[in-house]
Amino acid sequence: MHYETLTYDLADGVATVTLNRPEKMNALNSQMRAEIAQAVGRGGEEARVVVLTGSGDRAFCSGQDLGDGTGGLGAENTERTLRDEYAPMLRAIVNCPVPTICAVNGVAAGAGANLALAADVVIAAERAYFLQAFARIALIPDAGGTYTLPRTMGMSKAMGAALFADRISAKQADDWGMIWQAVPDADFDSHWKARAAHLANGPTKTYGAIKRVLRASWANDLEEQLELEASEQGQCAESRDFVEGVVAFTEKRKANFEGR
Ligand code: LHQ
């Protein structure tokens, strides 16, 4: 598969998807949305962790390409673009059977911010910032932002972020619980690569269950969640990695997980 708007690299169980339109601050056009969905789906099949990042130091992604006719402005085109192009891309990340990491290398604006927040783990360089830029151009947060923001940072911060459209530094995002971690710029690459390697050597099937169960908690009540935990844990307890984890514990050695 040849990609025009991103690069795809598979090594040691890690699929790295790098948005690659640096001259546009990695803005999303139609083709990039389709390629992200395809590449993340492919990573879910052939890797044990999928990393999304951007090329260069400046931007992870500046959101919708505002100079591109294909993403379309105007009511009909905007609705269609969100339903037919953004939603499948976001579903590919959220429903990916293996963990997804977004390594936010620079500014994440508009749909680019919310694309990042769709990942399971968000690690940002301290030079990066998040911008719910939408209100600046008279739009509401989209690309899942109205779902993710209040759930990660609480309604009061989410409301302020969307209404004021202020920059949120990586450190601030970390303090508010919007992301997993802000990392000093000098350590950023080695840090996210180490975290990706950690997940790529973990109990992959169980990680898939962790994703499903935690995400389901956003809609479930306690009874439903207890039931879901029981059934998913039952599946985990049948896995080879569970046996290996327990044996390794009793033998006082590091577990050698195969992801099965
Ligand atoms: C860009 C972009 C960009 C094209 C920088 N497009 N060129 C969904 C469905 C349908 C319709 C509408 O929207 C959506 C979802 C959305 O995502 S709406 C929100 C779209 N994104 C934005 O509003 C963010 C726009 N960009 C910015 O606010 C700034 O560029 C940021 C904060 C990202 C970076 O600021 P600076 O570091 O000061 O850089 P800059 O503004 O000078 O931009 C550098 C270049 O990148 C510049 O091109 P040039 O040829 O002048 O060097 C920009 O035009 C280009 N660029 N974002 N989204």
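The values are calculated or read from the model by the stated rules, or taken from the named source; none is laboratory data. In this text the structure is predicted, and so the values were computed from the model without any measurement. Note: ideal-geometry Cβ built from the backbone for every residue, glycine included; neighbour counts use all protein chains shown. These area figures cover heavy atoms from the full protein model, side chains too; ligands, DNA and RNA do not enter into them. Shrake-Rupley method; radii C 1.70, N 1.55, O 1.52, S 1.80 Å.
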- prompt: What 222 nm value per residue comes from the helices of the chain, counting each DSSP H run with n ≥ 4 as -39,500 (n - 2.57) and dividing by all residues, nearest 500 deg cm²/dmol?
  reply: -13500 deg cm²/dmol
message: As a test question: what accessible area, to the nearest 10 Å², does H2 have when a 1.4 Å probe is rolled over all protein chains in place?
response: 140
query: When DSSP assigns beta bridges and you keep just the ones with both residues in the chain, what percent turn out antiparallel, to the nearest 5?
result: 30
field: For T5, solvent-accessible area (1.4 Å; no DNA, RNA or ligand), Å²
entry: 10
message: For a 31 Å ceiling on Cα separation, which of these pairs sit above it: K157/K211; K171/K193; K157/K254; K24/K157; K205/K252?
response: K157/K254
- prompt: If exposed GluC sites (Glu not before Pro) are those in a DSSP loop with at most 11 other Cβ within 10 Å, what is the longest stretch of the chain that has none?
  reply: 5-237
message: Pick from A39, A209, A103 the residue whose mean-square fluctuation is largest in a GNM of the chain, springs joining Cα atoms under 10 Å.
response: A209
- line: With A158 itself left out, Lys, Arg at +1 and Asp, Glu at -1 over residues whose Cβ is under 15 Å from its Cβ give -1
- request: With θ set to phi - 60°, apply the Karplus curve 6.51 cos²θ - 1.76 cosθ + 1.60 along the range 50-66 and write out the HN-Hα couplings as whole Hz, x wherever there is a Gly or Pro.
  value: 10, 10, 10, 8, x, 7, x, 9, 7, 9, 7, 6, 9, x, 3, 6, 6
For the range 158-174 and the range 27-57, distance of Cα centres in Å: 25
task: Over the range 6-200, calculate the relative contact order: mean separation of alpha carbon pairs under 8 Å at least 6 apart, over the residue count, as a percent.
output: 20
task: For the range 204-250, just run the numbers: alpha carbon Rg, then divide by 2.2 N^0.38 Å, N being how many residues it has.
output: 1.28
- request: Once you've got the GNM for the chain with C-alpha springs shorter than 10 Å, pick whichever of N105, N26, N201 has the biggest mean-square fluctuation.
  value: N201
